[in-house]
Structure formats: C-alpha cells, structure tokens
1. For the stretch A:52-67, does any single residue satisfy the condition of being part of a strand (DSSP E or B), away from RNA strand B (no atom under 11 Å from the Cβ) and under 17 Å from A:Ile193 (Cα atoms)?
2. Would you check which residues across the stretch A:124-143 are more than 6 Å from RNA strand B (Cβ to nearest atom), part of a loop (DSSP other than H, G, I, E, B) and open to solvent by 40 Å² or more (accessible area, probe 1.4 Å) and list them?
3. Among the residues of the stretch A:74-109 satisfying the criterion of being loosely packed, with under 14 Cβ neighbours inside 10 Å and closer than 16 Å to A:Cys49 by Cβ, which is farthest from the chain's Cα centre (by Cα)?
4. Are there any pairs with C-beta distances below 8 angstrom linking a residue in the stretch A:549-566 that is more than 14 Å from A:Asp287 (Cα to Cα) to a residue that is away from RNA strand B (no atom under 16 Å from the Cβ) and open to solvent by less than 50 Å² (accessible area, probe 1.4 Å), with the two at least 6 apart or on different chains, and if so which?
5. Report whether or not A:Asn396 is open to solvent by 30 Å² or more (accessible area, probe 1.4 Å) and more than 9 Å from RNA strand B (Cβ to nearest atom).
6. Restricting the search to the stretch A:381-407, which residues are in a strand (DSSP E or B), touching a residue at least 60 places away in the same chain (Cβ under 8 Å) and more than 37 Å from the chain's Cα centre (by Cα)?
7. Output the residue which, of all residues in the stretch A:377-426 that are among the aromatic types (Phe, Trp, Tyr) and touching a strand residue (DSSP E or B) at 6+ places or on another chain (Cβ under 9 Å), is farthest from A:Arg466 (Cα to Cα).
8. Looking only at residues in the stretch A:216-227 that are open to solvent by 10 Å² or more (accessible area, probe 1.4 Å) and either touching a residue at least 40 places away in the same chain (Cβ under 8 Å) or touching a Lys or Arg at 6+ places or on another chain (Cβ under 8 Å) (or both), which one is farthest from A:Gly59 (Cα to Cα)?
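The values are calculated or read from the model by the stated rules, or taken from the named source; none is laboratory data. Computed from a predicted model, the values in this text were never measured in an experiment. Every residue, glycine as well, gets a Cβ built from its backbone with ideal geometry; the counts of neighbours run over all protein chains shown. The accessibility values were calculated without ligands, DNA or RNA, using every heavy atom of the protein model including side chains. Shrake-Rupley method; radii C 1.70, N 1.55, O 1.52, S 1.80 Å.
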Amino acid sequence: MEKTERRASNFIEEFVEEDLASGRFDHVKTRFPPEPNGFLHIGHTKAFCIDFQIAEKYGGLCNLRFDDTNPTKEKTAFVEGIQKDIEWMGFHWDKLYFASDFFDRLYDIAVGLIKKGVAYVDDQSAEEMRQTRGTLTSPGTNSPYRERSVGENLRLFEGMKHGEYEDGSRVLRAKIDMASPNVLMRDPTIYRILRAHHHRTGDKWCIYPMYDFQHPIQDAIEGVTHSLCSMEYEIHRPLYDWMVTQAGFEQPPRQIEFARLNITRTVMSKRYLRKLVEEGYVSGWDDPRMPTLAAMRRRGYTPESIKSFVGKVGVAKADSEVEGALLEHCVREGLADIAPRAMAVLDPIKLVLTNWPEDQVDELTMENHPDHPELGARKVKFGRELFIEREDFMENPPGKFFRLKPSGEVRLKGAYIIRCDEVVKDEAGEVVEIRCTVDMTSKSGEEGANRKVKGTLHWVSAADARPIEVRLYEPILNEEVEADAASEALQNEEGEAEVSQKDFISRLNPDSLKVLRGSVAEPIIADAAVAATFQFLRMGYFCKDPDSTSELPVYNRTVALKDTWAKMNK
RNA sequence: UGGGGCAUAGCCAAGCGGUAAGGCACGGGACUUUGACUCCCGCAUUCGCAGGUUCGAUCCCUGCUGCCCCAGCCA
C-alpha cells in the first residue's frame, strides 16, 4: 500500500503542507541556528529535532548555522560541543554555516538599506535611545539623526566599520516606525560597534550585526523556506518580514513559532545553567544532573530515548511544563531491551549460608537478558558468604513484605532459596550479618527447583565482590512548593525577571547527587568499558562514568526502575 | 493602561460544525526466579467563564477572566 497523502501531525506540518500545496515553495529547507555560547540542552534538542524531522518528512534538508554575532559570549569549544551533540543524536545537517562567514555580505546588505533610505546611523547614546523608545503604552520619538542624508549615513557607517568611532558611540538603525505599538519595530538597532575578539574572524571586525537583522537575512541567503523558532520570536516576525522584504529577497522564508520545552524540576535557562557551571554547583556542563545533551549522554540516556521523549511531548503553541516522569519513562523504555542485566549491591549487608561448605565456591550460569538470549550468559560465583541489599532485610516487616525476614524464605536470583535463621547485631543493635540456610534442592534451573517463594533478591558473592562507586541522582531543583516568581523565571531562557541569585540557589536540591562508597558488583560490571550500560537487577539502569579508575569503577544511575513497593510504603 | 500569543483530565496533547484520540501519571487485576518488563481493565456527560448563531458548538460570533512574551548597542 502506498501512502499517498502525508498527514500533518502538528500545526507546523500543516503550514508546510499548505505552502507546498499553494506553490509558495516547491521544497522544504530548515535550519538549526544556535548561538555558540553554551552547550545544547534538552530544550534545544526539541527545537532541532523539529528542524531536522520536518525537513526529513518533506524530503528537504536542514542546515546547521551558528549565529555567532556576539563575540563576547561565544567560544570555539561550544561550536565543537554543539556539533558533537547533534551528530550524537543521529542527525545530519546539509550545509554548515557561520553567520560570521557572511559578515561582508551582511555589511553590503546593510549599505543597501542605507541607500534605500530605510536605515540610518544614530549618534544617540544607549541611554538616550532607551528614553526615546517610549514605553509599552506610549509611542517613542524620532531620533534627531533620523533624517540624515544617505551620503552622510554611508560615510558614517563606513567609519563605524573602519573603527573611527568608539564602542557605543553610534549604531545603525532600521528606519521603521517609532510609534509602532510593537516596540520591536521602533527603529531597531541593526549594527553596533563592539571591539571584541571574535572566535572566528578575530579582530577583523569592530561592528557586528544584531539578531533582528542578521537572522532573517541569513535565513534568506541560505534559501531557508521555513524558519522554525520559539514563541518569544513571534513578535519579531513583522521585523523578520520587513528585513527580508527590504533586502529584496524573492522567496522570503516563512517564520513559524512553537512553544519551547520546559520540564519540572529542571533548569532550562542558559543563564542559570552557566551559573551552575561557573560557580561550581555542578562539576561541569556534562555533570549528569545537567539537562544538557553532554550530561545526558554521560548519564546513559540514549539518543533514541531522547527523540522518543521529544516526540511524545508534541509540538504546540501553548506554554507547558512536562513532568520529568515522561522523560524517565522514555529512558527506561529505551534501555529495557538493550541493557544487559547484572547484579550489584548498593548498600551491602553480609549474609552467611551456614550449611554451605566453608571453602566451596560454585559457578552459576546467569542469563544476561531475560528476553534476549542472544545477549548470552555469564558465570557468577556463589559461595558461603554473600552480600544482599540492606533494605531487602527487615526484622519486623510490615505485611506484604516479600523480602527476607526472620524465618522467612526468598530466592537468591539465579541461585537457591534460602531461609533466614538468625541475625547478628553489633553493640548498637544494628544488624551486621544475616545467617541463613540454603535449600540445596532449589537450585535455579534444576528439576525440582520449581518451588515458589514470593521474593527474589539480587546478590553478589564475597568471592566475586568488586568495589564500585555509585552515584545516584535526583532532579537538580527542589520540588515546587508553590508557583512563585522565582520558579517561573527559571523556566524561561534568559528570562530577565529579577530573580536574585539567592532565590535560585535556594531552589537547588541538596540531594541531587548522592555518592555511595561501599557498593559491590560482579566482575562483569567492574571490568566493563566506560559508557557501558547495565540494568543492575532490581536497582535501575546504570552507566559507567569516565571518572572510573581501574581500582574504582564509577557508575551513574541513569534512571531507577519503577518501584511499586516504595510507592506502597508512601 | 499598548501590542503579540495561549487556554481540552494531575502533566503533555489530538480535535478543523455531527456528539471528547493517544501518551505519561494514577487506581485495580493477570503474569513474574527483577515488587521490573508485558498484558488486561478503569480514569473529561465535558473542553477557562458568560452569552449568542445553529437541528447540533471544544470547533463560528461577542464579551469577560487567567497565564506567557515585548521597552538590549543579547540571541
């Protein structure tokens, strides 16, 4: 069956189909235009998934373009990081561009605007411009320099380019309408003088184009058909259209806006992310608590999971905040089939099998994945002394406790059923050892071993136990008590609501990172390569961290397993 | 008090005048040598509110309310 009609799955696709049908465009070209002033986070990821996927769906291509027009904030390290992240996500851009590659062309177009009489050099100070811009409810007033002659403007603009004036002394402005109800249309600045070293053009330029000029023109130069961006740019659209029209482009791109992604208990503003890094609240842009792709990669999230998440979130125009649980669901779903299972005990307590011969160590065969025999099996040692999870034993458990308790029986996964006979305590009354007897007839997989017990525990034998460090994560922000001004501002990129550093810092979750030192694991876990992912049976998905050494492997918990028992106890 | 947007379940989100998709979360059950996975079942008589048009309105009209964005020589 051939699919003859393409079904739009969101309003952007509807627009695209509409444009294709009407003949406004005969193909689709998109672009992802990050400023290289930080690493990409999950919010950007939604954006570029949309950019690439729309292009792909309609047989078009997507460019990667760095909008590097503000040299004070940009670095080569960020452009490299961004490219790596996009590639890791499995997308392929068509052309790779830098706005800075077009500075000459942009300059020429600005000159063209001056010649047309729709741009002028303004000598007012930033402060004067602010005052004459008017307010949201009152119109602005024209600059005294607004009616300069084309010749003078040309001369002055060239002077700006040649470094004849000080930073901030003059700007080039578009001549639009100082009384426009849309403040952005009140003669926006399109070039400023800025003596800063640019990561690509060095000191060649001392004037740099502004976003509202560069972005639309650049889109048009690249032949972008659909310029997708987030909602805050909706009010820039008239300006966008003004620019490409004034510059004389035949088939101006269509800008379409969609709502950006927010996730509960997640910092999604580059400004605050930078603060976390620069002030040492996290170890870096790839600290596994960060919402950056670098961090998610390190933590063990897969590109497939992230794409699945973005897909489930959908595309719309309404402000929204997605629950972190949806992301976690996608991460588990993506790992379930591919992560080999193995055993690690995060918080060990010693268990002695009193009827097991002192020096006997057996080798048991355990499957690496219950649903995927092709992932093979491994040998695991089993002896008289083992470790089990401290929380898997309770002396006085509540009802419905299927784990180990005095006189109770459980199965040790892949091994035997054991019965708890006694507990050994220290002076403080803490249980330090559990003594059990093995039902020798219950060996896993053997005939007659089909006796059922309610609980199955993971374990590591003392003979096999290798120390590992385990890092557990929680959301970086505290649970929101109430919607307060601070929390809202955290969700908005570069949102300038006056949130003091103190408010932000006070919202950080002190338990976002928990480091476990006494954990033990099977050799297959300890000896795995960095970035290897496992499901530690019953404990969650874990990924080996680059901080690992040969003496001490380090594992990040990517995500915990769902835990009905914990929920019941709440 | 200007302009631009947005309101459908706890969280996302379909819906495009013919009688409320789906996912997550949540609750119940089955299965289980992971309290996982998987599988069943349940979960909006109602779409921000109030009017109007219509045989019929989440959808069209009017008025209201609430939330978000805009006064950088940031992007």
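1. No, there is no match, as no residue in the stretch A:52-67 is part of a strand (DSSP E or B), away from RNA strand B (no atom under 11 Å from the Cβ) and under 17 Å from A:Ile193 (Cα atoms).
2. Once the filter is applied, which keeps residues that are more than 6 Å from RNA strand B (Cβ to nearest atom), part of a loop (DSSP other than H, G, I, E, B) and open to solvent by 40 Å² or more (accessible area, probe 1.4 Å), the stretch A:124-143 yields A:Ser138, A:Pro139, A:Thr141, A:Asn142.
3. A:His92
4. Every condition considered, the pairs that remain are A:Leu552/A:Ile468; A:Leu552/A:Glu469; A:Pro553/A:Ile468; A:Pro553/A:Glu469; A:Pro553/A:Ala526; A:Pro553/A:Ala528; A:Pro553/A:Lys544.
5. yes
6. Those that are in a strand (DSSP E or B), touching a residue at least 60 places away in the same chain (Cβ under 8 Å) and more than 37 Å from the chain's Cα centre (by Cα): A:Lys381, A:Phe382, A:Glu385, A:Leu386.
7. Checking each candidate, the answer is A:Phe402.
8. It comes out as A:Ile221.
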